[in-house]
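Each remark here refers to the structure printed beneath this line.
The values are calculated or read from the model by the stated rules, or taken from the named source; none is laboratory data. Remember, it's a predicted structure, so these values are computed and weren't measured experimentally. Positions of Cβ are generated from backbone atoms using ideal geometry, with glycine treated the same way; all protein chains shown enter the neighbour counts.
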Amino acid sequence: MPVTLNDVAALAGVSASAVSRTFTEGASVSRKTREKVEKAARELGYTPSALASALSTGRTKLIGLVSNNFHNPIFLQVFDLFTRLLQERGLRPLLVNLSGETDPAHSLRMLRQYSVDGVIVASSTLPPQFSEAFKHAGIPVVHSFGRWSASPTVNVVGIDNVTGGRIAAEALIARGYRKVAFLGGPEQATSTIDRRAGFFEVIRAQPGMTYSESFASAYSFEAGRAEMMRLLAAGPLSEAYFCGDDVLSIGVMSALQEAGKRIPDDVGLLGLNNMEISGWQNIALTTINLPLKEIIQSSIELVISLMEDPERLPEARIFPCHLVERNSLRPILLK
């Protein structure tokens, strides 16, 4: 039979309520009683019930971890970091898949069913209406990888995607490319819009450049490969492509190699994210680093702060990104 709170109370020689207070965060209990209860619990192998604790404190310690792109390998790293760091803080992640979801109200009802204490929206493609719906319902919410704003309506943590686009353009110009292209993810995604804007802001200011753009249907390997297959059929290709995301770049790379194109000799490729597989020897993708750990740590700190102070004003925390040199672009031209 499982060990109960009453078993611990009997061995420790205290009341059941004293055991309950010992394992309730912030409850008042004397040092002597705490020591007796903890000693008895260790001897019996007792673990407090999370459900019972939630009933007594009104806190479930559940954090809804919401995303909508489970086909992008970067999110294996994202979920790994989020779940480990939440658990280290004594919180329990509840993973919620919103792929294909268009109704924030439906998502809100689902999260309310589980009585989450907070929500982290981990997506660059879910529209801000989702985070705003959670906030208006009184749930502490942070939008990780969301769109930067000088006056955010909800807490946002991520990078400035416009700056990421500028870094990409400068990298291609420095290597002497003159016919370049932007190959983005979903055209209406804010990350695509902002990366495209920064990229073309720099390219259009550079004399002698020709440029084009196209969009994949999703941030996925299959979508990147399909879009490059279409471009190959339409021809001719650009000298280099800023793909706006690593998984798109790897899909593009697959299509190019199948068509007999050499990278970077025939076509240069540049991604964004620096996911783990981008550094694999057979891929070696030059990319722009997304500071995942800093973004995730900051997101968790913010949602905890909101749980403690629901009146806290929203803020945008933006982390810098930088170029990671590998083998998918030709070398920088020496002046």
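Among the numbered conditions (1) within 25 Å of P93 (Cα to Cα); (2) free of Cβ contacts under 8 Å to residues at least 60 places away in the same chain; (3) of a type outside the set (A, V, I, L, M), the only one that E276 does not meet is (2). Scanning region 298-326 for residues that are without any contact (Cβ under 8 Å) to a residue 60 or more places away in the chain and in a loop (DSSP other than H, G, I, E, B), we see that the one that is nearest to R84 (Cα to Cα) is D309.
In region 64-105, of all residues being among the hydroxyl-bearing types (S, T, Y) and exposed (fewer than 14 other Cβ atoms within 10 Å of the Cβ), the one that is modelled with the lowest pLDDT corresponds to T102.
Just to be sure before I move on: is E201 within 30 Å of N68 (Cα to Cα), acidic (D, E), touching a residue at least 60 places away in the same chain (Cβ under 8 Å) and surrounded by fewer than 18 Cβ atoms within 10 Å (Cβ to Cβ) in the structure I sent? Taking the combined requirement at face value, the residue does not satisfy it. Residues of region 206-228 include none that is out of contact with any Phe, Trp or Tyr (no Cβ under 7 Å at 6 or more places or on another chain), closer than 21 Å to I173 by Cβ and assigned to a helix (DSSP H, G or I).
For region 154-184, the set of residues classified as under 22 Å from Q297 (Cα atoms), in a loop (DSSP other than H, G, I, E, B) and out of contact with any helix residue (DSSP H, G or I) (no Cβ under 6 Å at 6 or more places or on another chain) consists of I159, D160, listed by residue number. For region 256-273, the criterion of being at negative phi, at pLDDT 95 or above, under 19 Å from the mean Cα position of the chain (by Cα) and assigned to a helix (DSSP H, G or I) is satisfied by no residue at all.
Taken together, R109, R147 contain a single residue that is part of a helix (DSSP H, G or I) and surrounded by fewer than 24 Cβ atoms within 10 Å (Cβ to Cβ), which is R109.
Pairs meeting the criteria (first residue in region 176-197 and at positive phi, second residue crowded, with 24+ Cβ neighbours inside 10 Å and not basic (K, R), beta carbons under 9 Å, at least 6 apart or on different chains) are lacking. From the list Y241, Y219, the one residue that fits, being buried (at least 19 other Cβ atoms within 10 Å of the Cβ) and at pLDDT 95 or above, is Y241.
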